[in-house]
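Got a structure here, written out as C-alpha cells. Questions coming.
The values are calculated or read from the model by the stated rules, or taken from the named source; none is laboratory data. Note that this is a predicted model, so its numbers are computed, not measured. Here the Cβ is made from the backbone with ideal geometry for all residues, glycine too, and neighbour counts use every protein chain on show.
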Amino acid sequence: MTKYNGSLHITEDNAVISNMEVTGDIIIDAKNVTLSNIKLISNTEWHVLRIMEDASGFTLKDSEIDGRGLSDNGIYGHGTFLRNNIHDVENGMTLWGPSSVQDNYIHNLRNGKADPHYDGIQVNGGQDIDFIHNTIINDHDQTAALMLENTFGGLRNITVDHNRLVGGGYTVYIDGRKGGGSVDNNTIKITNNEIGGGHWGDFSLYDNKPILSGNTGLGASPETPPVTPETPTTPETPTTPETPTTPETPTTPETPTTPETPVAGKATNGNDALTGTASADKIDGLGGNDTIKGLGGNDVLKGGAGNDVLDGGAGADKLDGGTGVDTASYASAKTGVTASLADASINTGDAKGDTYTSIENLRGSSFVDKLYGNSGANLLSGGAGNDLLNGGAGADRLDGGAGTDMASYAGAKTGVTASLANAAINTGDAKGDTYVSIENLKGSGYADKLYGNAEANLLEGGAGNDVLNGGGGKDVLYGGAGADDLIGGAGADTFSFKALGDSTVSVSGRDTIFDFSGTGGDRIDLSAIDANTAASGNQAFNYIGNAAFSGKAGELRTVKGASDTYVYGDVNGDGKADFAVHLDDAISLHKGYFVL
C-alpha cells in the first residue's frame, strides 16, 4: 500500500486511485473519480474527505476513514459510498447531494472540541439519496444516528432501508424548520430498519410524516411516532457524553466486505453489484452505477442508467451500457483478450462473440491485451500485462496499467503527432489523447511525428516518412518503411532495422540518424535482417569497415564523408548495396556500434 502524507487534491477527471494510505485529507475536484482500498488518516479539524459540488460521479469503496478524534466530518459532499469503515469523527458523513450509501459501518464518534454535535449521518438538504444496509452507531446521548434537515435545501426522494441505526438523543431525526426548502414526506421512505437506543426515543419528526413501514426497535418504539415530540427542541447535552466501553455488536459485521448479492436479473435503482451464473443470464441493472458480472454462458447484461461496469465473463455476451459512461470489463479473464468497440468481429478470448451497445470504455485483463476504441472519447485501461491500446479517433484516455504498454495509431486515416512528454501538441487521431503508464508509441501508415519522454521508450513509425524522437532514456527507434528521421535524444539508444525496405539505397526511402553516439552507447541493430539471402536461416552481417564490397553476400561497409556517414549492406553478393542508412554527421563507426 502506497503511503502519502499531506493534502491530496484530485483534479483529473476519471482518476482511479487504489491501495493507498493517506495521512492528511483528500479533496475531490473532478468528475468520475474512484477511490478504493484507501486508508485515510486525518490530520485536519474539518473534512477528512471532501467532494466538491461539481465533482459528479465520485465513488469511495472498501476504504477506512480514521478521524483520530480531530475532524468534524469523515465525508463531506455527495457520491457513492460502498463498504467503508468510518470512525473517530464528529459526524460520519454530511451529505447535500444525490448519493448512494450502502454497506458502510459508522461508529465510535468522537471529537475533542468543547461542544461536539454528534451525528452518524447528516443530510443538510438534498434529494435522490439512498441509505441501504448500513450500520450506524452513535454511542452518545445527543443528536442522532441519522439526521435529515432542510438547512441548505429541501428534502425529497430519500430512501432509508434495511439499516441498523443505534443511539443518539433521537436515533432518527427529521427537522423541516430550517428554511432551506420544503420536505416532501411522500418521497421519504424509512423502511425495514432496526432502530433504537436513542436517549430520548427512536424518532424526532417535528410534524413531518415520512413513510414508515417494517421497522423494528431495539427497544419499544412506535411505528408512527408522536407528531410533536414531548421533549425539548434541543435535547440537553451532557457535559461529558456517556460512552459505553464496548458498543453493542451490530447485526451487520463490523467491516462489511461483500454486499448482499441480488438474484441474477433483478436489481434496484441504486448502485448494485450483480452476479450471474455459469449459464446464460439476463441481468438488468436498472438505475445507479452498477457492476454486473455474467460469469459463464452467453449473457445479456444491461447497465441501465448510471455509469456501469459490465463483465460478461466467458461466452458470447451482449453488453448494453444504457445511459451514462459505461465500461466493458475483462478483468476476470484468465488469458489476454482482443476487444474492439469499433469492430467486435476481431475480438478474441473472453471477448470473442461479445457485442457492445452504448459502451464507451474498455478494461483489459491481467495479461497481454489489445484494446481498440471507436470514434468517441474512450477510456482504455490495460491492467497488468504488456498491452496495446488504440483509441481511434476522439479524445481518449489510454491507461496501460502495469507492464510495458503501447499507444497505437495504426489504422489512422492520416498521420499523427503523438508525444508521451507533452500530449498537448498531439494532432490527428492523437489529438486530445492523454497517457497514463504508457511507455511505447506506434504510428500510422502515413507521415507521423512520435516523441518519447524521459523513460525508456519504443517508437515505431510504421509506413510513411516519420520523425521519431526518443527524448531521454534508453530508447528503441524503429522507423519502418519510408524515409524516416531518427533522433535518439539523451541515453543509450538503439536504431532498429528489420527489413531491407526499412531504409533503402534510394533517398526516397532512406532513413537518417541525426544524433548517433557510439561512445554514448547508441547502437544500430541489423540483427533481424538476413544478411545472406542465398543461405537458409537468418545470417549475421560481416562488418568490413570502409573496404569495398568483394562480391560476398552479407558484407556491411561504411563510408565517412565530410559531414555525413553512410552504412551499406549487400545481402546477395552482387557487390552492390541492397540497403543504406544515412547518419547526419561525420562519424567513425566501429563493429561494436552494430548489432549484427
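Given the options 332, 365, 381, name the one that is of a type in the set (Ser, Thr, Tyr), farther than 23 Å from residue 416 by Cα, within 17 Å of the chain's Cα centre (by Cα) and buried (at least 17 other Cβ atoms within 10 Å of the Cβ). If you could, list the steps in order and put the result at the bottom.
On the way: 332 fails: buried (at least 17 other Cβ atoms within 10 Å of the Cβ); 381 fails: farther than 23 Å from residue 416 by Cα.
That would be 365, the only listed residue that is of a type in the set (Ser, Thr, Tyr), farther than 23 Å from residue 416 by Cα, within 17 Å of the chain's Cα centre (by Cα) and buried (at least 17 other Cβ atoms within 10 Å of the Cβ).
Next up: For segment 124-144, enumerate the residues that are closer than 16 Å to residue 174 by Cβ and modelled with pLDDT under 95. Steps first, answer last, please.
Taking segment 124-144 and keeping what is closer than 16 Å to residue 174 by Cβ, we get 124-127, 129, 131, 136, 138, 143-144.
Once the filter is applied, which keeps residues that are closer than 16 Å to residue 174 by Cβ and modelled with pLDDT under 95, segment 124-144 yields 124, 125, 126, 127, 138, 143, 144.
Identify, please: which residue in segment 54-82 is in a loop (DSSP other than H, G, I, E, B) and among the acidic types (Asp, Glu) and is, among those, nearest to residue 126 (Cα to Cα)?
Among them, the one singled out is 54.
Tell me which strands (runs of 3 or more DSSP E) are completely within segment 360-418 and hold 1 or more residues being in contact with a Gly (Cβ under 7 Å, 6 or more places away or on another chain), or say none if there are none.
361-363, 370-372, 379-381, 388-390, 397-399
Sticking with this structure for a sec: Only one of these conditions is not met by residue 572: (1) closer than 21 Å to residue 591 by Cβ; (2) exposed (fewer than 15 other Cβ atoms within 10 Å of the Cβ); (3) polar (S, T, N, Q); (4) more than 46 Å from the chain's Cα centre (by Cα). Which number is it?
All conditions are met except number (1).
Here's something else I'd like to know. Would you point out which residue out of 76, 105 is closer than 24 Å to residue 214 by Cβ, touching a strand residue (DSSP E or B) at 6+ places or on another chain (Cβ under 7 Å), hydroxyl-bearing (Ser, Thr, Tyr) and surrounded by fewer than 24 Cβ atoms within 10 Å (Cβ to Cβ)?
After ruling out the rest, the residue left standing is 105.
Could you pull out the residue among 511, 493, 522 that is more than 17 Å from residue 596 (Cα to Cα), in contact with a Gly (Cβ under 7 Å, 6 or more places away or on another chain), crowded, with 18+ Cβ neighbours inside 10 Å and modelled with pLDDT of 95 or more?
Exactly one residue qualifies, and that residue is 511.
Sticking with this structure for a sec: Go over the candidates 112, 92, 125, 97 one by one and state the one that is buried (at least 24 other Cβ atoms within 10 Å of the Cβ) and small (Gly, Ala, Ser).
Values: 112 fails: buried (at least 24 other Cβ atoms within 10 Å of the Cβ); 125 fails: buried (at least 24 other Cβ atoms within 10 Å of the Cβ); 97 fails: buried (at least 24 other Cβ atoms within 10 Å of the Cβ).
On inspection, the qualifying residue turns out to be 92.
Please enumerate the residues belonging to segment 537-596 that are part of a helix (DSSP H, G or I) and either within 25 Å of residue 508 (Cβ to Cβ) or among the hydroxyl-bearing types (Ser, Thr, Tyr) (or both).
Selection gives 593 alone.
Give the residues of segment 508-542 that are aliphatic (A, V, I, L, M) and in contact (Cβ under 8 Å) with a residue 40 or more places away in the chain, sorted by residue number.
Scanning segment 508-542 gives 513, 524, 526, 529, 531, 540.
Now for a separate question. Would it be correct to say that residue 240 is among the polar types (S, T, N, Q), at pLDDT below 90 and out of contact with any Ser or Thr (no Cβ under 7 Å at 6 or more places or on another chain)? Break it down stepwise before answering.
Details: among the polar types (S, T, N, Q): yes; at pLDDT below 90: yes; out of contact with any Ser or Thr (no Cβ under 7 Å at 6 or more places or on another chain): yes.
Yes.
Of the residues 164, 156, which is closer than 16 Å to residue 107 by Cα and surrounded by fewer than 24 Cβ atoms within 10 Å (Cβ to Cβ)?
Result: 164 is the single residue among 164, 156 that is closer than 16 Å to residue 107 by Cα and surrounded by fewer than 24 Cβ atoms within 10 Å (Cβ to Cβ).
With the condition kept exactly as written, say whether any residue in segment 484-499 is more than 36 Å from the chain's Cα centre (by Cα), in a loop (DSSP other than H, G, I, E, B) and of a type in the set (Gly, Ala, Ser).
So far as segment 484-499 goes, yes, one or more of its residues are more than 36 Å from the chain's Cα centre (by Cα), in a loop (DSSP other than H, G, I, E, B) and of a type in the set (Gly, Ala, Ser).
Taking the condition within 24 Å of residue 585 (Cβ to Cβ) and in a strand (DSSP E or B), does residue 441 pass? Outline the logic, then answer.
Numbers: within 24 Å of residue 585 (Cβ to Cβ): no; in a strand (DSSP E or B): yes.
So residue 441 does not fit the description; no.
Yes or no: residue 504 within 30 Å of residue 553 (Cα to Cα), assigned to a strand (DSSP E or B), in contact (Cβ under 8 Å) with a residue 40 or more places away in the chain and not aliphatic (A, V, I, L, M)?
Values: within 30 Å of residue 553 (Cα to Cα): yes; assigned to a strand (DSSP E or B): no; in contact (Cβ under 8 Å) with a residue 40 or more places away in the chain: yes; not aliphatic (A, V, I, L, M): yes.
It is false that residue 504 is within 30 Å of residue 553 (Cα to Cα), assigned to a strand (DSSP E or B), in contact (Cβ under 8 Å) with a residue 40 or more places away in the chain and not aliphatic (A, V, I, L, M).
Any residue in segment 422-450 that's free of Cβ contacts under 8 Å to residues at least 12 places away in the same chain: show its pairings with residues that are in a loop (DSSP other than H, G, I, E, B) and surrounded by fewer than 20 Cβ atoms within 10 Å (Cβ to Cβ) at Cβ separation under 8 Å, as long as the two are six or more apart or on different chains.
Note: pairs meeting the criteria are 426/432.
Here's something else I'd like to know. Do we find that residue 56 is without any contact (Cβ under 8 Å) to a residue 24 or more places away in the chain and under 29 Å from residue 361 (Cα atoms) in this structure?
For residue 56, the condition - without any contact (Cβ under 8 Å) to a residue 24 or more places away in the chain and under 29 Å from residue 361 (Cα atoms) - is not met.
A follow-up question, please. In this structure, is residue 418 crowded, with 23+ Cβ neighbours inside 10 Å, in contact with a Leu (Cβ under 6 Å, 6 or more places away or on another chain) and not assigned by TED's automatic domain parsing to the domain that holds residue 321?
It is true that residue 418 is crowded, with 23+ Cβ neighbours inside 10 Å, in contact with a Leu (Cβ under 6 Å, 6 or more places away or on another chain) and not assigned by TED's automatic domain parsing to the domain that holds residue 321.
I need the full set of residues from segment 269-312 which are among the basic types (Lys, Arg) and either under 21 Å from residue 161 (Cα atoms) or surrounded by 21 or more Cβ atoms within 10 Å (Cβ to Cβ) (or both), in order please.
Correct list: 293, 302.
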